[in-house]
Amino acid sequence: MLLSFSQINYRNLKTPKLDFAKGLTAIVGQNASGKTNILEAIYLAYTGEVLARRIDNLIKHDETEAYVSLIIDSGFAQQKIEIGLSSGYKSIRIDSQNMRAVDLAKEFAAVLIRPEDASLVHGSPSKRRAYLDSLLSRLSLRYALLLKEYNRVVEQRNAALKNHTDQSLPIWTQKFLELGSEIMSLRERAIKRIAEIAQETYSEIASDSKELSLSLQSQGKSLEDLYLESKAEEQQRAITVVGPHRDDIKIFLNNYGVQSYGSRGEARTTALALKVAEYQLLKEKQNHAPLLLLDDFSAELDINRRGFILDLASNIPQAIVTGTELAPKYDQFYQLAGGVLGD
């Protein structure tokens with residue numbers, strides 16, 4: 001359970017410390033008051049993930065460094081997570097020991113649900129890949145390390161493709177095929193479980209009987225076959241044009257693609273179903289419920305989606321919910337104005 005959050009120079013936040021209790025904490029404030037900044041800072045400390053495009057964007061204007069820390073009660077002991085931020089650099093410490101982002105996933109889990117999640121459906125393939133890679137990296141240390149090495153290999157392979165005199169291309173190609181094939185296999189196994197949970201959630205939220213299904217764009221094909229089919233294009237463009245870094249999640253309702261033909265409401269319900277799948281899978285992996293961070297719960301949500309997500313937040317050990325209005329049920333309440341929190 002999250003006990004406290006502290007920060008220095010994180011975006012527009014001015015309150016240095018905030019204590020949390022069990023149950024649902026409601027944070028209320030007008031737009032641009034800093035509600036999202038609080039949730040993203042907590043999510044950063046739980047996962048090591050920077051949601052902004054650049055680390056510099058997390059640091060208060062005219063400052064060069066920022067700091068975020070959490071005190072978490074694991075049930076056996078209290079632990080302190082510290083995140084240091086400076087220009088282009090992020091450091092992670094757990095109980096004063098230097099750690100990697102992948103080390104956080106061994107013990108801590110949080111899920112952030114926000115209005116921007118609709119871009120999982122109507123946005124670019126890179127957003128769906130980021131969702132899948134983030135989730136699988138927290139579920140599997142092996143996946144996280146494979147992905148990091150795969151991205152390094154693709155970078156080296158692209159450099160070799162651009163340099164026609166480079167003799168290392170066959171070596172990088174072999175590594176690319178080995179790592180990429182294993183990543184694709186792990187993704188295919190995971191997407192089946194994600195689809196099961198997402199379908200159950202969609203049926204519970206939606207007022208229709210449509211069946212939600214997910215698949216990888218590459219499903220049913222080996223990476224070697226994809227590579228052989230793409231060799232002409234690859235040589236022309238001098239870049240690796242197939243592989244996990246170019247794959248996509250295809251999302252269907254009945255027989256039509258939600259990305260191309262889904263309504264705004266269907267997209268939001270689908271995105272919410274994907275985030276609930278993330279929550280459930282992390283819960284299974286950790287054997288305890290993740291912290292739920294729900295940003296702007298009333299934004300563009302119809303009564304069914306709003307009711308579902310607030311019921312979820314109210315019936316788990318700990319959740320933090322922000323909005324321009326107060327959540328119907330809460331155990332703790334803070335008012336936020338201009339980056340300053342008060343009871």
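The numbers here are math on the coordinates, done by the rules we state, and not lab data. This one's a predicted model, so the numbers in the text were calculated from it and none came from an experiment. Glycine gets a Cβ as well: all are built from the backbone with ideal geometry, and neighbour counts include every protein chain shown.
By average Cβ neighbour count within 10 Å, what is the ranking of 235-246, 319-330 from highest down?
Order by mean packing, descending: 319-330, 235-246.
Name the GluC sites (Glu not before Pro) in segment 15-109 that are in a loop by DSSP and that have at most 15 other C-beta atoms within 10 Å, would you?
Hits after loop and neighbour filter: E63, E107.
Across segment 243-250, in residue order, what do the Karplus-derived ³J(HN,Hα) couplings come to in whole Hz, using 6.51 cos²θ - 1.76 cosθ + 1.60 with θ = phi - 60° and x for Gly and Pro?
x, x, 6, 10, 6, 9, 9, 8
On a 0 to 90 degree scale, rounded to 10, what angle separates helix 141-162 from the longest Cα axis of the chain?
50
When a/c reaches 1.5 or more, the comparison of a/b and b/c decides; with that in mind, is segment 88-213 rounded, prolate or oblate per its Cα gyration tensor?
Oblate, because a/c is 1.5 or more while a/b does not exceed b/c.
Taking a cut-off of 25 Å between Cα atoms, list the lysines near K60, but don't count ones fewer than 8 places away on the same chain.
List returned: K14, K17, K35, K80, K90.
Determine which lysines satisfy two conditions relative to K231: a Cα distance under 20 Å, and not lying fewer than 8 residues away in the same chain.
In chain and number order, the partners are K162, K175, K221.
Counting C-alpha atoms alone, how compact is the chain: give Rg to one decimal and Dmax as a whole number, in angstrom.
When restricted to Cα atoms, the chain yields Rg and Dmax of 21.3, 66 Å.
When the helices in the chain are scored as -39500 (n - 2.57) per DSSP H run of 4 or longer and the sum is shared across all residues, what 222 nm value do you end up with, to the nearest 500 deg cm²/dmol?
-14000 deg cm²/dmol
Across segment 306-314, in residue order, what do the Karplus-derived ³J(HN,Hα) couplings come to in whole Hz, using 6.51 cos²θ - 1.76 cosθ + 1.60 with θ = phi - 60° and x for Gly and Pro?
Those phi angles translate into 5, x, 4, 6, 6, 4, 4, 5, 7 Hz.
Can you spot the lysines whose alpha carbon is less than 16 Å from K283's alpha carbon? Ignore those fewer than 8 places along the same chain.
Partners found: K106, K275.
Shape call for segment 80-160 from the C-alpha gyration tensor, a ≥ b ≥ c root eigenvalues: rounded (a/c under 1.5), prolate (a/b greater than b/c) or oblate?
The shape class here is oblate.
Peptides 66-76, 113-123: what's the order by average Cβ count within 10 Å, highest mean first?
Put in order of decreasing packing, that is 113-123, 66-76.
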